[in-house]
Amino acid sequence: MKILAKDKVAELLEKIAQQAEVYVPMAIEQGSGFYPWTEDNKNQPLLLDALNVYNSPKYILFPQTERMYDLKQQGQDLSIDQTHEDSSPRVIFGVRACDARALRSLDDVFLTRGFEDSFYKARRDNVTVIGNACYAPGANCFCEAMGVDLTEPEADVILRDAGNDGYIWESKTETGDKLTRAVAEFLNDKETKAPEAKSFQTQVDYDGVAEKLKGMFEHPLWEKMAEPCVNCGACTYICPSCHCFDIQVKMWGDSGYRFRCWDSCMYAEYSAEAGGGNPRPSGVERFRNRFLHKLEFFSERYGYSLCTGCGRCTIVCPAGVRITDIIKAIKEVDSSVGL
Amino acid sequence: MSDCNCEQPLVPHIVEVIDIVEETPDVKSFYVKSAGGGLPYQVMPGQCSMLSLPVGEGMFSCTWQEGQEYQQYAIKRVGLLTEELHQIEVGQKLGLRGPYGNGFPIAASRGKDMLFIAGGIGLAPLRSFIKHCFKNRSDYGKITIIYGSRSYNDLCFKKELFEEWPNQPDTEVHVTIDNPEEAWKGHVGFVPAYVEELAPDPAGKVSVTCGPPIMIKFALQSLQKLGFEDEQIVTTLEMRMKCGIGKCGRCNIGSQYICLDGPVFDLTQLKQLPQEW
Ligand SMILES: Cc1cc2nc3c(=O)[nH]c(=O)nc-3n(C[C@H](O)[C@H](O)[C@H](O)COP(=O)(O)OP(=O)(O)OC[C@H]3O[C@@H](n4cnc5c(N)ncnc54)[C@H](O)[C@@H]3O)c2cc1C
Ligand code: SF4
Ligand code: SF4
Ligand code: FES
């Protein structure tokens with residue numbers, strides 16, 4: 001099998017960086033996330049051992065703000081001069097299984113059901129994902145309960161940390177094979193074994209929850225669960241699979257551009273309508289919509305949950321809302337109570 | 001023929017306004033063709049487009065019939081974009097993308113009697129279906145149109161409403177306004193109550209309702225009272241939209257996106273969705 005020695009990682013990244021923008025999990029100042037491997041960042045600590053970084057790689061394929069096209073208005077004339085699909089080659093190094101699953105859900109949203117989003121597609125078609133298998137799930141992790149195999153990230157290449165022997169390098173796709181050939185000089189052949197995966201500290205049972213939720217839209221449980229939520233939207237911004245966006249414009253006089261930016265279903269303006277109406281007028285309805293989207297609606301539409309079990313929303317929530325508690329509560333409650 | 005920008009569904013192409021007609025004090029119709037000439041793209045009755053000026057984009061129902069080299073949009077002035085649209089003049093270039101949505105069940109309604117119920121600007125989307133029925137008159141049975149607005153001035157498409165449609169074969173047009181007016185000799189009252197009063201027989205009919213959400217809610221109740229079955233009750237839903245293609249997440253009801261899976265639903269489908277509309 002192919003092995004990437006740990007002391008070769010920097011050199012390998014250096015080599016890939018000659019052909020592509022490389023993103024790696026790093027700690028920079030107080031934050032951690034996937035940052036570009038640039039001269040400035042190179043001496044920052046790589047976080048390949050840490051379980052998951054604070055910010056997911058979502059923004060690399062779906063930037064928080066993305067310029068779409070340039071507009072010019074002159075008198076009655078209107079023109080679109082340039083669109084900004086970005087097809088630069090990119091490599092994301094060290095993606096955990098939960099975040100790789102989130103990329104699959106972004107793929108399903110942006111690339112299927114009648115329309116392919118050209119901005120997402122340009123980035124997606126030119127990205128290579130190198131996964132990093134997990135063997136010791138963290139305190140807030142529950143990906144397995146959500147149908148994710150922690151040791152098999154859905155990626156082009158999978159790295160498996162075999163301790164002192166280095167990383168086992170397993171190519172999974174043609175894109176992965178291509179990259180493997182390009183970095184062959186840093187890989188050597190050696191037999192070793194990936195560790196056994198440890199068991200999860202957070203135990204959740206999601207089985208049957210999506211189905212059970214079908215009849216629970218009006219359940220009093222929502223009011224109770226939403227009570228602490230202040231609708232700040234932090235959980236939606238940090239979530240690797242939340243994909244909602246707004247479309248806005250920036251104009252200076254006669255020229256400018258239209259862009260999209262992440263939006264949050266936790267905000268009232270998100271669904272406000274003419275005449276002051278809003279189908280989700282209070283925080284409870286917005287809270288319910290978010291968690292039903294994660295736990296029921298998406299799986300009705302695409303066949304699996306939109307929550308990957310990464311645990312990030314639990315960490316950021318200022319009000320102590322835990323999606324795992326929500327799943328448990330739904331699992332346990334009598335679905336007909338109060339209806 | 002169609003140059004739908006399917007490769008870049010979020011990027012509009014440029015169209016030119018070739019005519020503007022004032023329908024009511026706050027509704028204008030805009031006729032558009034591609035900036036290069038010709039039809040921007042074909043649309044089915046009930047489908048919509050995103051029309052834009054730099055200030056913003058908005059979803060509007062499109063009226064187009066086979067053979068026409070232009071599309072028509074009837075637009076009510078309610079906010080930022082629509083206010084600016086009401087200021088423009090013929091020759092103005094706009095952004096346009098589409099067509100979006102599923103459209104009305106044209107094929108499934110063939111051979112049926114048609115009952116159209118509209119309120120206010122809601123006649124705009126219905127009108128494309130109504131025109132389709134008249135154009136293919138023998139495909140449809142009796143046509144009944146029930147339409148209402150706040151006042152006489154607010155009635156859209158008066159020429160069709162009072163002159164053209166009532167003279168079509170086997171067609172009834174019933175118009176109502178919310179409050180009495182001196183010159184108005186017709187019916188006064190809300191649309192749903194008028195529907196119950198007219199009590200159309202459900203046998204062999206498809207009803208299609210379009211209007212403000214509150215009118216839709218009551219009209220659907222009236223239809224059920226009159227004995228219409230769920231699958232005979234077709235309506236359109238409206239929610240705030242941004243992308244129009246089922247990606248931005250904004251217009252969901254349960255697992256359905258109104259922009260993509262709707263805006264047209266029948267009551268059987270609506271009953272399977274959360275009551276959030
Ligand atoms: C499927 C569909 C078909 C439509 N067809 C027509 C039509 O044929 N003719 C027509 O006049 N209007 C139609 N509308 C409504 C139209 O999209 C909005 O009135 C328009 O986008 C408002 O834009 P604005 O910038 O002028 O208003 P804004 O300044 O954005 O807002 C004014 C108010 O309208 C609300 N609003 C914005 N967009 C929408 C929206 N899409 N639906 C409801 N409220 C909204 C805002 O929250 C605000 O309260 C349709 C809407 C949908 C979803
Ligand atoms: S909902 Fe929470 S746990 Fe689930 S994927 Fe999003 S951030 Fe992670
Ligand atoms: S982070 Fe917590 S408080 Fe903020 S919107 Fe999400 S659940 Fe509500
Ligand atoms: S408008 Fe974006 S999902 Fe419907």
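The values are calculated or read from the model by the stated rules, or taken from the named source; none is laboratory data. Given the structure is predicted, the values throughout are model-derived calculations rather than measurements. When we count neighbours, we look across all protein chains shown, and the Cβ atoms used for this are built from the backbone with ideal geometry, even at glycine. With ligands, DNA and RNA removed, areas are computed over all heavy atoms of the protein, side chains included. Shrake-Rupley method; radii C 1.70, N 1.55, O 1.52, S 1.80 Å.
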Would you mind telling me which numbered condition in (1) open to solvent by less than 40 Å² (accessible area, probe 1.4 Å); (2) more than 14 Å from every other protein chain (Cβ to nearest Cβ); (3) farther than 20 Å from B:Val188 by Cα B:Asp139 fails? (1)
Give the number of residues within the range B:97-125 that are among the charged types (D, E, K, R) and closer than 30 Å to B:Pro54 by Cβ. 1
The range B:246-270, residues that are among the aromatic types (Phe, Trp, Tyr) and touching a Ser or Thr at 6+ places or on another chain (Cβ under 7 Å): B:Phe265
Look at the range A:234-272 and say how many of its residues are under 16 Å from A:Gln64 (Cβ atoms), surrounded by fewer than 20 Cβ atoms within 10 Å (Cβ to Cβ), without any contact (Cβ under 8 Å) to a residue 40 or more places away in the chain and not aromatic (Phe, Trp, Tyr). 3
Counting just the residues of the range B:186-244 that are at positive phi and surrounded by fewer than 24 Cβ atoms within 10 Å (Cβ to Cβ), which one comes out farthest from the chain's Cα centre (by Cα)? B:Gly227
Condition broken by A:Glu29, with the remaining ones in (1) without any contact (Cβ under 8 Å) to a residue 60 or more places away in the chain; (2) closer than 21 Å to A:Ala133 by Cβ satisfied: (2)
If you scan the range A:286-327, which residues turn out to be more than 22 Å from A:Ala102 (Cα to Cα) and out of contact with any Ser or Thr (no Cβ under 9 Å at 6 or more places or on another chain)? A:Pro318, A:Ala319
Would you confirm whether or not the range B:94-103 contains a residue that is open to solvent by 40 Å² or more (accessible area, probe 1.4 Å), within 16 Å of ligand 1 (Cβ to nearest atom) and in contact with a strand residue (DSSP E or B) (Cβ under 7 Å, 6 or more places away or on another chain)? yes
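Can we say B:Cys243 is within 16 Å of ligand 1 (Cβ to nearest atom), under 30 Å from A:Asp108 (Cβ atoms) and modelled with pLDDT of 95 or more? Reasoning before the result, please.
On the way: within 16 Å of ligand 1 (Cβ to nearest atom): yes; under 30 Å from A:Asp108 (Cβ atoms): yes; modelled with pLDDT of 95 or more: yes.
Yes; evaluated as a whole, the condition is true for this residue.
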Scan the range B:134-157 for residues that are in a helix (DSSP H, G or I) and without any contact (Cβ under 8 Å) to a residue 24 or more places away in the chain and report the count. 1
Going through (1) within 14 Å of chain B (Cβ to nearest Cβ); (2) more than 16 Å from ligand 1 (Cβ to nearest atom); (3) under 20 Å from A:Cys232 (Cα atoms) one by one, A:Arg286 fails only at (2)
Please count how many residues of the range A:32-72 are surrounded by fewer than 18 Cβ atoms within 10 Å (Cβ to Cβ) and within 10 Å of chain B (Cβ to nearest Cβ). 1
Give the residues of the range A:206-254 that are farther than 22 Å from B:Ile253 by Cβ and within 16 Å of ligand 1 (Cβ to nearest atom), sorted by residue number. A:Gln248, A:Val249, A:Met251
Please specify each residue of the range A:73-113 satisfying the condition of being hydrophobic (A, V, I, L, M, F, W, C) and within 12 Å of chain B (Cβ to nearest Cβ). A:Leu78, A:Ile80, A:Leu106, A:Val109, A:Phe110, A:Leu111
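State which residue is nearest to ligand 1 (Cβ to nearest atom) when the search covers only the range A:306-327 and only residues that are polar (S, T, N, Q) and open to solvent by less than 10 Å² (accessible area, probe 1.4 Å). Write out each step before concluding.
Going through the range A:306-327, the residues polar (S, T, N, Q) turn out to be A:308, A:314, A:324.
Now narrow it down to the ones that are open to solvent by less than 10 Å² (accessible area, probe 1.4 Å): A:308, A:324.
Details: A:Thr308: 31, A:Thr324: 35 Å.
Applying the filter and picking the extreme gives A:Thr308.
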For B:Phe265, are the conditions met, namely being touching a residue at least 24 places away in the same chain (Cβ under 8 Å), away from chain A (no Cβ under 12 Å) and not in a strand (DSSP E or B)? no
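Working carefully through the options A:Ile80, A:Ile158, A:Ile168, find the one that is of a type in the set (Val, Ile, Thr) and in contact with a Phe, Trp or Tyr (Cβ under 7 Å, 6 or more places away or on another chain). Full working, then the answer.
Working: A:Ile158 fails: in contact with a Phe, Trp or Tyr (Cβ under 7 Å, 6 or more places away or on another chain); A:Ile168 fails: in contact with a Phe, Trp or Tyr (Cβ under 7 Å, 6 or more places away or on another chain).
So the residue among A:Ile80, A:Ile158, A:Ile168 that is of a type in the set (Val, Ile, Thr) and in contact with a Phe, Trp or Tyr (Cβ under 7 Å, 6 or more places away or on another chain) is A:Ile80.
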Subset of the range B:20-62 (residues that are open to solvent by 10 Å² or more (accessible area, probe 1.4 Å), away from chain A (no Cβ under 12 Å) and in a strand (DSSP E or B)): B:Ile20, B:Val21, B:Glu22, B:Glu23, B:Lys28, B:Tyr31, B:Lys33, B:Ser34, B:Cys48, B:Phe60, B:Ser61
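When the residues of the range B:82-127 are narrowed to those that are basic (Lys, Arg) and touching a helix residue (DSSP H, G or I) at 6+ places or on another chain (Cβ under 9 Å), which ends up farthest from the other protein chains (Cβ to nearest Cβ)? Full working, then the answer.
Going through the range B:82-127, the residues basic (Lys, Arg) turn out to be B:93, B:97, B:110, B:112, B:127.
Filter once more, keeping what is touching a helix residue (DSSP H, G or I) at 6+ places or on another chain (Cβ under 9 Å): B:110, B:112, B:127.
Working: B:Arg110: 25, B:Lys112: 28, B:Arg127: 20 Å.
Going through the qualifying residues, I end up with B:Lys112.
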